[in-house]
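*Asks:* The structure is given below, and queries will be raised subsequently.
The numbers here are math on the coordinates, done by the rules we state, and not lab data. Values in this document were obtained by computation on a predicted structure and should not be read as measured data. With ideal geometry, Cβ positions are generated from the backbone for all residues, glycine too; neighbour counts draw on all protein chains shown.
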Amino acid sequence: QAEATDSAVRAAPPARTAPLYERFYRGAVGLTLRWPWAALLVTGLAFGGSYYLFDQYVTRGVIWGGGGSGRTYIQILVRLPRGANLERTDQLVAFFEDKLSRIPQVEQFTARVQDTYGYMEVTFPDSLEHTGIPPAIKEEMLAYSHTFTGADVRVYGFGPSFYGGGSSPPTYTLAVLGYNFERVRAIAEDLGSRLSRISRVQEVDTNASGGFTRDRAMEYVVDVDRTALARHGLTVQDLVNQMQAAVAGEARVSYLKLGGDEVAYEVKVREVEEVDVLALRETLLRTPDGGGIRLGEVTTVAPREIQASIRRENQQYERRVAYEFRGPTRLGDVTRDAVLAATRLPPGYTVKADERWRWSTEEQGQILLVLVISLLLVYMVTSALFESLRQPLAVLLTVPMALIGVFMIFFYARATFTREAYVGVIMMGGIVVNNAILLVDHVNRVRRETGLPLREAVLRGTIERVRPILMTTTTTVLGLLPLVLFAESSDANIWNALAYTLMGGLLSSTLFVLTTTPSVYYLLERGREPVPQPPEP
């Protein structure tokens, strides 16, 4: 008998030694089960801290993210009226090419000319990112664009050097409403004056058109130097007559009979309608003594803004103040709110921010309503599965746990919480509950099959589900990683926000499902129902 017992002992397999990670995890879950309220407190603090960072530093509520790449570049757009020839368009584009070729900080500029449309793109070395050199070059090109008449020339700057990231400018528009047109104008000009004193605010327009681009109505004004004009023996009327001939062309109206009707016609020199400011200043004026002087010697030609349009809303006059904020959009929002708070208005007048490029409060409320309905459906399904009204709460609490990761990943990536991110939150709410459902269901099964005390059953059931949960999360995150891994910026495309939301939510929910969810389950089930007995053999 002793020999048989010794043989049985030798034949028994050695006890399995748990891996190091499993022993560490067993100790961590044991601590959370020993102090479940402390685990909930830590989770609540993590949620509050992450939401604070998200609320203070993450831009949200916009319809689109930055779009495009995160590099710094300048666009120059040239558009001539219909009927202009290709040579004229190419001439204007070549003018900017000549100016850019003399700037050593420019890395490359490309041009495309097509009929009456010209497009240029100017890029810079990476060393000039986040510097003031690209904005200075943009301002120089913008000054040149004002010297052409008869052509629509626009200059735009994109990238981190202009507004701290993204590729579309955080353009702001404030709408002033009131019943007195002149009072509305005065309020708009006061707003523009105060905004102009802010160093990050540029291109303030107190009479904006309200479109996506800030179209300014301009006219060119000729200021006459009467003293210089008198020295050459000319009067203002002489100047006006000769300028009119230079601009409109010297021609006399004649009449031609066509089909019995008299038709007035004029004969002018070709391309006389295409006169820019530089060429106009070089116009030669004839003096009484037979000599000649340049128009630029006795006049100053400069652009001046004029009234663009008159708009009314509910019989109230509306005037828009548009400007460009050079900095992060979040800081731009804070600056705008501070300016609005410091504005004192007479009764009957209002100033409001134009939110046409952002999601309205009503639209954001609709998204939250959809999220609440989705969580309600999850609760109904899990209640039927677990045959309990309490255990589904342990599943639903994984959604705020997942939001911790969403808040933090958008904060660290400096990404914009766009429309796609809101959709991602709804998708995430249906995905992250899967791990909690698997965990709670397995703990229930362990309790039914083994009859262990509640704490031991929760500990055993959780440890047995660690590996499947980690594998599921890892494969999903790795599948989403290519969407953001090769992007040039955090807002490069619409998929970035969606991927960030799902990845951050999955990683955060997995961490807290494996640590805090067992504590939540323990608190919900402790002392509420007897420990189930194992089935009879």
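*Asks:* Stretch V236-V466 to full length: gain in nm at 0.36 nm per residue minus the Cα-Cα span?
*Replies:* Contour length minus Cα-Cα distance gives 73.7 nm.
*Asks:* Dipole of the range 327-457, Cα-centred, from +1 at each Lys and Arg C-beta and -1 at each Asp and Glu C-beta, to the nearest 20 debye?
*Replies:* Using Cβ point charges on Lys, Arg, Asp and Glu, the range 327-457 gives about 240 debye.
*Asks:* OK, next. Between the DSSP loop rule and a limit of at most 15 other Cβ atoms within 10 Å, which trypsin sites (Lys or Arg not before Pro) in the range 359-439 are left?
*Replies:* R390
*Asks:* Continuing with this model, one more query. Compare the peptides 290-297, 454-461, 26-33 by average per-residue count of other Cβ atoms within 10 angstrom and give them in order, highest first.
*Replies:* The most tightly packed comes first, giving 454-461, 26-33, 290-297.
*Asks:* Same structure, new question: How far apart, in nm, are two points set 7 Å out from the Cα along the Cα-to-Cβ line at L31 and at Y57?
*Replies:* According to this spin-label approximation, the distance is 2.6 nm.
*Asks:* Would you please give the FRET efficiency between E140 and R82, computed as 1/(1 + (r/R0)^6) with r the Cβ-Cβ distance and R0 = 41 Å, to the nearest 0.05?
*Replies:* That gives a FRET efficiency of 0.85.
*Asks:* Which of the peptides 132-144, 94-106 is most tightly packed, and how do the rest follow, judged by the mean count of other Cβ atoms within 10 Å per residue?
*Replies:* Going by the mean number of other Cβ atoms within 10 Å, highest first, we get 132-144, 94-106.
*Asks:* Oh, and also: Taking the mean number of other Cβ atoms within 10 Å as a proxy for protection, how do you rank 471-481, 420-430 from highest to lowest?
*Replies:* Listed from highest to lowest mean packing, they are 420-430, 471-481.
*Asks:* For the range 363-448, how big is the tail of P(r) above 19 Å, as a whole percent of Cα pairs?
*Replies:* Numbers: 1590 of 3655 pairs.
Pairs farther apart than 19 Å: 44 percent.
*Asks:* Okay, next question. Tell me the label-point distance for the pair R226, Q91, using the 7 Å Cα-to-Cβ offset, in nm and rounded to one decimal.
*Replies:* Spacing of the two 7 Å Cα→Cβ label points: 3.6 nm.
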